[in-house]
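Let me begin by presenting the structure, written as structure tokens, before commenting on it.
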Amino acid sequence: MDDLYWHLVDFLQAFAAGLLVGGTYGLMCVGLGIIFGVMRVVNFAHGDFMMLGMYAAFYLVTGFGVLAFLGPYAGPIAGAVLAGPIVFAIGWLLHKFLISRVTGARVVAAEAEGHYAQIILTLGIALVLANGGLILFGSTPLSVQTPLSRESWEIGPVFLNQARAVGFIMAVICALGLYLFLTRTNLGKALRAAADNPTAAAYVGIDVDRAHRLAFGLGVGITGVAGGLFAMSQSFQPYIGFDFVIVMYAGVVLGGMGSILGAFWGGLTIGLVQQMSTLILPYQLQNTAIFVVFLVIVFFRPQGMFGRVWERT
Amino acid sequence: MLKIRSLEVAYGGLHALNGVSLEVERGEFVAVVGPNGAGKTTLFKTISGIVTPLAGAITYMERDLLAVAPAERAQLGIAHVPEGRQVFASMTVMENLEMGAYTRKGQQRWSETLPMILALFPILAERRAQLAGTLSGGEQQMLAIGRGLASAPELLMLDEPSMGLAPAIVDAIFERIHHIHRNGLTILLVEQRVAEALETCDRGYVLETGRVAMEGTHKTLMADERVRRAYLGM
Ligand SMILES: Nc1ncnc2c1ncn2[C@@H]1O[C@H](COP(=O)(O)OP(=O)(O)OP(=O)(O)O)[C@@H](O)[C@H]1O
Ligand SMILES: [Mg+2]
């Protein structure tokens, strides 16, 4: 009986840990979901924008201490949120000068909608960002210091790491905010329309280039926020993007291409699988477990959990 | 209202329009007919700013339209209902109409235009929450026209609204277009269905390999021997 009780506690603990880390993954996936799921742009540098968000938060909070006046609790959270606009600006500029050459109305008629060129270009950007990060930031693993990461809330026998729990709550708020922006506001709908059909969007008076740039900045910015939140409970170095980018793509596809809430669920599922797999599998097999679940879900539901099917006209 | 002078357009080295001139007066219903590849869609794309001409001039309501950015042209009251419908497939019927009303005027007039559009095409009211990509071809065409009307335009440009539709649906759509025109909207229509187009229009142009081969009122064109033989099969 005692044995069963402790199994149950282990299970609940792993579930809670998966949920909390999954929230941050969910937010990362939402950012990629805008770019890959909605705009159908392949961005292999997405993980590196997350890395930039982590360093932005780090320098705002610990490095330069701009946010030190907010104290050790609010400071790191504000740092994560402010990483958003910083990464947004970087993404906006990269889109304006590089990525717009291989995306949007210019290439819809090109072979595979310009995806080949996008893969090469964004892989190049990924390498530049990761190596540039190495030169600028060094290779020593860092993390955003907050007392939250050493404290826990106890719910019965289950411990919730406070940094992760706060990250989870912020991630849910950001993802929900973004969802409401894209589905309820005119500008948000215009971004979706410009992604769906650039030509028709131009005919109704949407400035398509601007819309694409905004959407791209928003996508990487949101992932930057997720990076900043994640940095409170996870150490990072300039190459961390590579570890995350494939998982993010899995999350977006799992949730269903084009669905923002789906991308969040996709990321959440990945967090849950990753943490709960440790109950029965060795630690090294976490990522294998993720992809086994991924393949199973895609086998039964190729359109993803929340994907809706329509013919492209 | 719309004056086009000696428009030259080329894709790469290939000329699609060779000195096309055309006029639309306020309140008129003008049809442009012609065979495949004549340059009809190119003409529309040039008016909307998707294609930039080599030479020629377009004035719209006394303004040099070529100096206006493409996204701003919708703001001036030009609504383009493109060939092949081009609805926002991943968005709902309602969202498509809302995007039609993206212009300032569309926003201001939304409370009047929406009921008007839904009265014109009741099926859109029934399907308001459905994804546009899952509508039938005829429904998509009605949505594309509704989206054009949602901007509360001065000039409605329709590119082959009959494309790929069954004859009964084509008749219904032409009847609706006629109705929209009777309510005072200026219409520029491109069609391959010459008989239907010439029957409903006030004036028409026959475009052949990038040139205006003939122009005239509805009556002169319908009576013209060449038009009757080449396009009306009489
Ligand atoms: N993007 C493009 N690139 C190269 N050539 C083009 C392009 N678009 C059109 N053309 C060419 O320009 C000419 C006119 O095409 P356009 O689409 O304007 O014809 P259309 O009158 O609308 O024909 P249809 O009745 O079949 O729609 C054609 O010869 C076509 O092949
Ligand atoms: Mg055409």
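A few remarks follow.
- Those helices (runs of 4 or more DSSP H) lying entirely in segment A:189-265 with at least 1 residues at the interface with another protein chain (Cβ under 9 Å from one of its Cβ atoms) and modelled with pLDDT of 90 or more: A:198-203, A:208-230
- Note on segment B:137-163: residues that are within 11 Å of chain A (Cβ to nearest Cβ) and in a loop (DSSP other than H, G, I, E, B) amount to 3.
- Number of the condition not met by B:I50 [criteria: (1) within 13 Å of ligand 1 (Cβ to nearest atom); (2) touching a residue at least 60 places away in the same chain (Cβ under 8 Å)]: (2)
Here is a yes/no grid of residues against (1) modelled with pLDDT of 95 or more; (2) within 30 Å of A:G188 (Cβ to Cβ); (3) within 16 Å of ligand 2 (Cβ to nearest atom):
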| residue | (1), (2), (3) |
| --- | --- |
| B:R26 | yes, no, no |
| B:F29 | yes, no, no |
| B:A71 | no, yes, no |
| B:E95 | yes, yes, no |
| B:R109 | yes, yes, no |
| B:P115 | yes, yes, no |
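- If you filter segment B:57-93 down to residues that are more than 10 Å from every other protein chain (Cβ to nearest Cβ) and part of a helix (DSSP H, G or I), you find that the one that is surrounded by the most Cβ atoms within 10 Å (Cβ to Cβ) is B:V93.
- Residue in segment B:43-50 that is away from chain A (no Cβ under 13 Å), surrounded by fewer than 23 Cβ atoms within 10 Å (Cβ to Cβ), closer than 20 Å to B:G106 by Cβ and in contact with a helix residue (DSSP H, G or I) (Cβ under 9 Å, 6 or more places away or on another chain) present: no
- Per-region count, segment B:174-195, residues out of contact with any Gly (no Cβ under 8 Å at 6 or more places or on another chain) and within 16 Å of ligand 2 (Cβ to nearest atom): 6
- Inside segment B:4-38, residues that are loosely packed, with under 13 Cβ neighbours inside 10 Å and part of a strand (DSSP E or B) make up a count of 2.
- When the residues of segment B:95-136 are filtered to those that are outside any helix (DSSP H, G or I) and under 14 Å from A:A201 (Cα atoms), the one that is farthest from the other protein chains (Cβ to nearest Cβ) is B:A101.
- Qualifying positions in segment B:53-77 - within 16 Å of ligand 1 (Cβ to nearest atom) and either free of Cβ contacts under 8 Å to residues at least 24 places away in the same chain or more than 15 Å from B:G19 (Cα to Cα) (or both): B:P70
- The single condition from (1) assigned to a helix (DSSP H, G or I); (2) touching a residue at least 40 places away in the same chain (Cβ under 8 Å); (3) within 14 Å of chain B (Cβ to nearest Cβ) that A:L272 fails is (3).
- Summed over segment A:161-188, the residues that are away from chain B (no Cβ under 14 Å), aliphatic (A, V, I, L, M) and over 16 Å from A:L268 (Cα atoms) give a count of 3.
- Among the criteria (1) of a type in the set (A, V, I, L, M, F, W, C); (2) within 14 Å of chain A (Cβ to nearest Cβ); (3) touching a helix residue (DSSP H, G or I) at 6+ places or on another chain (Cβ under 7 Å), the one B:V32 does not fulfil is (2).
- Across segment B:31-56, the qualifying residues are those that are of a type in the set (S, T, Y) and within 14 Å of the chain's Cα centre (by Cα), and the one among them that is nearest to ligand 2 (Cβ to nearest atom) is B:T41.
- Only one of the listed residues (B:L165, B:L120) is surrounded by fewer than 23 Cβ atoms within 10 Å (Cβ to Cβ), over 24 Å from B:G49 (Cα atoms) and within 16 Å of ligand 1 (Cβ to nearest atom). That residue is B:L165.
- The number of residues in segment B:206-222 that are closer than 11 Å to B:G39 by Cβ and either more than 16 Å from ligand 2 (Cβ to nearest atom) or part of a strand (DSSP E or B) (or both) comes to 4.
- Residue in segment B:184-195 that is of a type in the set (D, E, K, R), within 19 Å of the chain's Cα centre (by Cα) and closer than 23 Å to B:I4 by Cα present: yes
The values are calculated or read from the model by the stated rules, or taken from the named source; none is laboratory data. Quick caveat, the model's predicted, so the values are computed rather than measured. Methodologically, a virtual Cβ is constructed for each residue, glycine included, from the backbone with ideal geometry; neighbour enumeration extends over all protein chains shown.
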